[in-house]
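Undergrad: This structure is in structure tokens; I'll ask about it shortly.
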Amino acid sequence: AETAGRIEMEWAGEHLIGDPPNAIPFTYTCLVHTVFVLPRRSDFDGDGVVDTADVRFFRGCFTGEGGTYEEPVCEMADYDLDTDVDWADFRVLRADRTGWLQTSSDR
């Protein structure tokens with residue numbers, strides 16, 4: 001999936017304000033020109049890096065295999081959508097890291 005790009009759209013139409021017989025007809029044109037950048041999936045706080053703050057969030061949701069999380073927000077950390085946040089999900093977080101130190105075993 002694209003993580004950055006440009007959206008350009010244009011559409012127009014006609015509508016009525018109010019109810020007949022006193023309705024006022026109008027036309028409209030909408031233009032959208034924007035650039036987007038999606039955060040990394042493990043950047044839970046949206047600061048542009050996957051760092052210790054994001055690891056703390058993940059740890060707060062960690063249930064282990066077969067567990068279930070109580071907070072709906074923890075679904076963000078359940079990458080495989082199997083209703084638990086476990087080591088399989090941690091591997092995704094680890095692959096996304098940008099702002100925490102790598103160990104010699106990570107190289």
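Undergrad: Just one of the numbered conditions (1) at pLDDT below 85; (2) touching a strand residue (DSSP E or B) at 6+ places or on another chain (Cβ under 8 Å) is not true of Leu31; which one?
TA: So the condition that Leu31 fails would be (1).
Undergrad: Continuing with the same structure: Give the number of residues within the stretch 19-33 that are closer than 27 Å to Arg6 by Cα and either of a type in the set (Ser, Thr, Tyr) or open to solvent by 90 Å² or more (accessible area, probe 1.4 Å) (or both).
TA: Count: 5.
Undergrad: Further question on the same structure: Counting only residues that are touching an Asp or Glu at 6+ places or on another chain (Cβ under 7 Å) and assigned to a loop (DSSP other than H, G, I, E, B), how many does the stretch 49-68 have?
TA: 8
Undergrad: I'd like to check something: does the stretch 21-35 contain any residue that is within 21 Å of the chain's Cα centre (by Cα) and either of a type in the set (Phe, Trp, Tyr) or assigned to a loop (DSSP other than H, G, I, E, B) (or both)?
TA: No.
Undergrad: Exactly one of (1) at pLDDT below 90; (2) of a type outside the set (Gly, Ala, Ser); (3) open to solvent by 70 Å² or more (accessible area, probe 1.4 Å); (4) touching a Gly at 6+ places or on another chain (Cβ under 7 Å) is unmet by Arg6. Its number?
TA: Exception for Arg6: condition (4).
Undergrad: Note down all Cβ pairs under 6 Å where the first residue falls in the stretch 79-107 and is surrounded by 13 or more Cβ atoms within 10 Å (Cβ to Cβ) and in a loop (DSSP other than H, G, I, E, B), the second is at pLDDT 95 or above and hydroxyl-bearing (Ser, Thr, Tyr), and they're at least six residues apart or on different chains.
TA: Asp84/Thr63; Val85/Thr63
The values are calculated or read from the model by the stated rules, or taken from the named source; none is laboratory data. Keep in mind that what you see is a predicted model, and the values were worked out from it rather than measured. Don't worry about glycine lacking a Cβ; one is built from the backbone with ideal geometry, like all the others, and counts go over all protein chains shown. Please note that ligands, DNA and RNA were not included when accessible areas were found on the heavy atoms of the full protein model with its side chains. Shrake-Rupley method; radii C 1.70, N 1.55, O 1.52, S 1.80 Å.
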